[in-house]
Amino acid sequence: MSGWAAKRFWKSASVVQLEAGYTVHLDGRAVKTPAKNPLILPNQKLAQLIAAEWDAQAGTVNPETMPMTRRANSALEKVAPNRSAVIAELAGYGASDLLCYRAQSPAELVARQAAGWQPWLDWAARDLAAPLHVTAGIVYVVQPAQSLSNMHDHVAAFDAFALAGLHDLVAITGSLVLALAMAKGHLHPDQGFALSRIDEQWHAEQWGVDEAAAALESVKSAALHDAHRFLAACA
């Protein structure tokens with residue numbers, strides 16, 4: 001038996017202001033989260049993006065085409081009730097940040113990583129007060145406790161909605177430094193994604209592009225840009 005899928009029943013989606021924030025109505029009926037809780041959004045901009053996603057649905061509702069709605073649901077149902085744990089999880093990436101683990105060879109890849117990654121470690125040391133140690137290879141390097149504490153504080157400054165967006169930036173890139181640079185407007189998501197894929201790009205240049213890997217890269221890139229757009233809308 002095939003799974004049940006919701007069908008479009010409404011003519012138009014609209015943004016409605018509430019005392020607690022904003023929500024989206026479908027022909028006057030308030031949208032709810034999957035757990036049937038009110039979808040209360042922090043600002044009109046995010047509400048408009050979500051309303052546009054509902055308006056764009058045709059026939060069967062496809063959650064895969066609604067990245068703003070899915071992240072808002074996650075912010076309300078997963079992040080907000082577990083805020084401290086989410087902050088700890090994201091801040092923990094600073095202890096093993098992608099940018100700190102460099103190739104030992106070949107020289108071209110070593111140079112490419114240094115040229116791409118070191119400027120953002122310098123930025124973290126300067127703007128986040130979080131200098132991090134760099135090592136060659138995969139053996140774990142202990143990072144300064146004060147740096148990790150300062151990075152934790154930067155993550156903790158985000159509200160539940162922004163944390164939902166930041167989560168995907170961190171998870172996709174493997175770098176808290178790159179994620180914070182994108183979240184704070186210092187790094188364009190195109191560049192942030194490219195920097196996180198230096199190793200993959202180098203290997204593709206040497207051995208050719210794998211179609212399955214390229215398709216996965218495209219999915220990850222789209223998800224990162226959606227997360228960045230969501231986070232920007234939370235401001």
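A few comments on the model shown:
- Theoretical gain in end-to-end length, Asp55 to Ala222 [0.36 nm per residue, Cα-Cα removed]: 58.1 nm
- Springs join every pair of Cα atoms under 10 Å in this Gaussian network model of the chain, and among Gly192, Gly28, Gly59 the largest mean-square fluctuation is at Gly59.
- Span-like helix ranges in the chain, DSSP H, alpha carbon extent 30 angstrom or more, Kyte mean at least 0.0: 211-234
- Over region 2-156, relative contact order from alpha-carbon pairs under 8 Å, at least 6 apart, %: 17 percent
- 18 Å tail of the calculated P(r), region 94-139, as % of Cα pairs: 25 percent
- Taking a ≥ b ≥ c as the square roots of the eigenvalues of the alpha-carbon gyration tensor, region 86-199 is classed prolate because a/c is 1.5 or more and a/b outweighs b/c.
- Each Lys and Arg adds +1 at its Cβ and each Asp and Glu adds -1 at its Cβ; summed about the Cα centre, the chain shows a dipole of about 800 debye.
- Cα centroids of region 78-148 and region 197-217: 23 Å apart.
- Each label was represented as a point 7 Å from its Cα along the Cα-to-Cβ direction; for Ser149 and Asn37 these points are 3.2 nm apart.
- Rg to Rh quotient for region 1-115, alpha carbon positions, Kirkwood Rh: 1.19
- Estimated FRET transfer efficiency (Asp127, Ala235; beta-carbon r; R0 22 Å; 0.05): 0.80
- Antiparallel beta bridges, as assigned by DSSP with both residues in the chain, represent about 85 percent of the total such bridges.
- Only DSSP H runs of four or more residues enter the estimate; each adds -39500 (n - 2.57), and after division by the residues of the chain the mean residue ellipticity at 222 nm equals -17000 deg cm²/dmol.
- Longest segment of the chain lacking chymotrypsin sites (Phe, Trp or Tyr not before Pro) that sit in a DSSP loop with at most 13 other Cβ atoms within 10 Å: 10-139
- Calculated log₁₀ intensity ratio I(q)/I(0) where the Debye formula runs over C-alpha points of the chain, q = 0.11, 0.12, 0.16, 0.18 Å⁻¹: -0.65, -0.75, -1.12, -1.29
- Kirkwood-type radius of region 1-65, with distances r between different C-alpha atoms, in Å: 12.4 Å
Read-outs throughout are calculated quantities, based only on the coordinates presented, and are distinct from any laboratory measurement. No experiment lies behind these values; they were computed from the predicted model shown. Quick reminder, even Gly has a Cβ in these numbers, built from the backbone with ideal geometry, and neighbours come from all protein chains shown.
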